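Taking it in order: structure first as structure tokens, then the write-up.
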Amino acid sequence: MYTIDTKGHLCPEPLIMASNGLKEVKEGEKVLIISDNETSYQNLMSFLTDLGANPVASKKGYEYHIEATKPAKSSPQAENNPEQYCSVPGGAAPATDYVVVARSSRMGEGDPELGDLLVRGYLNALKGMDHLPTYIIMYNGGVKLSLEGTDTALALGELEDKGVSIIVCGTCVDYYKVKDKVSVGRISNMYQIATILAEAGHVVYL
């Protein structure tokens, strides 16, 4: 099956990639579109439905998998302008995609115990927000938030279940010798981290 991997891309790129990918297959053939955040997934579902591609979705870990069929006759309005679907379903104005970056296992400077308390409080508060980040990136000491047996790893796991992509710096876990203790997210490289930060609508540094 022809696969269109939109992971790491922010709107409207996943929509454009899906539109272009469908042009590469024949009428009636299926394509698999992979997304790693809920906003892109919802936008893709709206676009593919209006296009007449009969999308069928499933979730596998942190990924959204959408199977779509190239229709015999596409909606010209959808096909010619996929960017119009770059919004939150329901007619609400789209909120800016943002990325949270944890550079340390604590939040802020000053007393270490207070910093530990603050970062746990922040992640727990984040779970209850309607507008979640697209990614949470951890590098340097921040990778320790993802280690098994920590309250922060549990909170990150819940955020991952809600569609937030958790990215852990591979160089950093190797440096701290904790790679085998990472219990949430996916270990990645600095190239992908740099790409995500460059494309982010807004970045929040802890």
Would you mind finding the one in V101, V184 that is of a type outside the set (D, E), under 18 Å from E63 (Cα atoms) and at pLDDT 90 or above? V184
Among residues of segment 52-70 being in a loop (DSSP other than H, G, I, E, B) and buried (at least 16 other Cβ atoms within 10 Å of the Cβ), the residue modelled with the lowest pLDDT is Y62
Out of curiosity, is E24 farther than 23 Å from S183 by Cα, out of contact with any Asp or Glu (no Cβ under 9 Å at 6 or more places or on another chain) and assigned by TED's automatic domain parsing to the domain that holds G185? no
Options E38, E29: the member that is among the acidic types (D, E) and closer than 19 Å to L132 by Cβ: E38
Anything in segment 14-39 that is out of contact with any Ser or Thr (no Cβ under 6 Å at 6 or more places or on another chain) and touching a residue at least 60 places away in the same chain (Cβ under 8 Å)? List them, or say none. L15, I16, A18, S19, E38, T39
Identity of the residue in segment 11-51, in contact with a Lys or Arg (Cβ under 8 Å, 6 or more places away or on another chain) and part of a helix (DSSP H, G or I), that ends up surrounded by the most Cβ atoms within 10 Å (Cβ to Cβ): L22
Look through Y176, Y122, Y85, Y191 and report the one residue that is of a type in the set (S, T, Y) and closer than 20 Å to S40 by Cα. Y85
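The values are calculated or read from the model by the stated rules, or taken from the named source; none is laboratory data. Fair warning: this is a prediction, and the values are worked out from it, not measured in the lab. Using ideal geometry, Cβ is built from the backbone for each residue, glycine included, and neighbour counts are taken over all protein chains shown.
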